[in-house]
Amino acid sequence: MKFLDIGEVAARSGVRPSALRYYEEAGLIASVSRHGLRRQFPPEVLLQLKLIAMGKQAGFTLEEIAGMFGRTGTPDLPRDVLHRKADEIDRQIHDLTALRDTLRHVADCRAPTHMECPTFRRLVDLAGKRGERRGTTARRRKTPAPG
C-alpha cells in the first residue's frame, strides 16, 4: 500500500498541514508512519477529510465529528444525530428565509420611512418576539440543575 505524506495529503485535500496535525492530535485522523520528519497517511485519509469538512459545514463540532469515526477510522454515522442536525438546519433555513424576505421587503418598501410601513412594523414585532423566546430558552438551558 502506498502511503501519502503530509504535503501530498495537504495538496490533494486543500487542508493545511497544520490542520492535519491538529486533526491527528484530536483523534480525527491517524498517520501510520513517518518518512523522516514527515507524517505518512493511508489513502483513506482523503475520504475522512471530506467527511470532516462536510461535518463542519453541517455545524458539528470536531469532537462530535471524531465520535462519528469508528476505531479503525471508518465512518460510523449515528443516524439519530444526523436526523436531529438536519431538523436544526431546517429551522435555520426557515429563520433565514423569513429574514431574507424581511430584508427584501425593507429594501423595496415604498413607504416614506420604514417605520411608517405597517408590514415592516409587523415583521419587526415578530422578530422581537422570536428573539425573546430564544433568549428565554437559552437562559433555561444555561441554568444549572438544582442539587
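The values are calculated or read from the model by the stated rules, or taken from the named source; none is laboratory data. Keep in mind that this is a model prediction, so the values were computed, not measured. All Cβ positions, even for glycine, are placed from backbone atoms using ideal geometry, and neighbour counts span all protein chains on display.
Some points to look at:
- Qualifying residue in the range 115-134 (condition: part of a loop (DSSP other than H, G, I, E, B), in contact with a helix residue (DSSP H, G or I) (Cβ under 9 Å, 6 or more places away or on another chain) and within 22 Å of residue 21 (Cα to Cα)): no
- Positions within the range 34-47 being of a type outside the set (Lys, Arg) and surrounded by 11 or more Cβ atoms within 10 Å (Cβ to Cβ), in sequence order: 40, 41, 42, 43, 44, 45, 46, 47
- For the range 7-25, the criterion of being touching a strand residue (DSSP E or B) at 6+ places or on another chain (Cβ under 7 Å) and either modelled with pLDDT under 90 or within 19 Å of residue 86 (Cα to Cα) (or both) is met by none of the residues.
- Residue in the range 48-100 that is surrounded by the fewest Cβ atoms within 10 Å (Cβ to Cβ), counting only those that are assigned by TED's automatic domain parsing to the domain that holds residue 30 and under 30 Å from residue 124 (Cα atoms): 57
- Filter result for residue 10 (among the small types (Gly, Ala, Ser) and in a helix (DSSP H, G or I)): yes
- Of 89, 52, all but one fail to be within 18 Å of residue 4 (Cβ to Cβ) and aliphatic (A, V, I, L, M); the exception is 52.
- For residue 20: the one exception among (1) surrounded by fewer than 17 Cβ atoms within 10 Å (Cβ to Cβ); (2) over 24 Å from residue 79 (Cβ atoms): (1)
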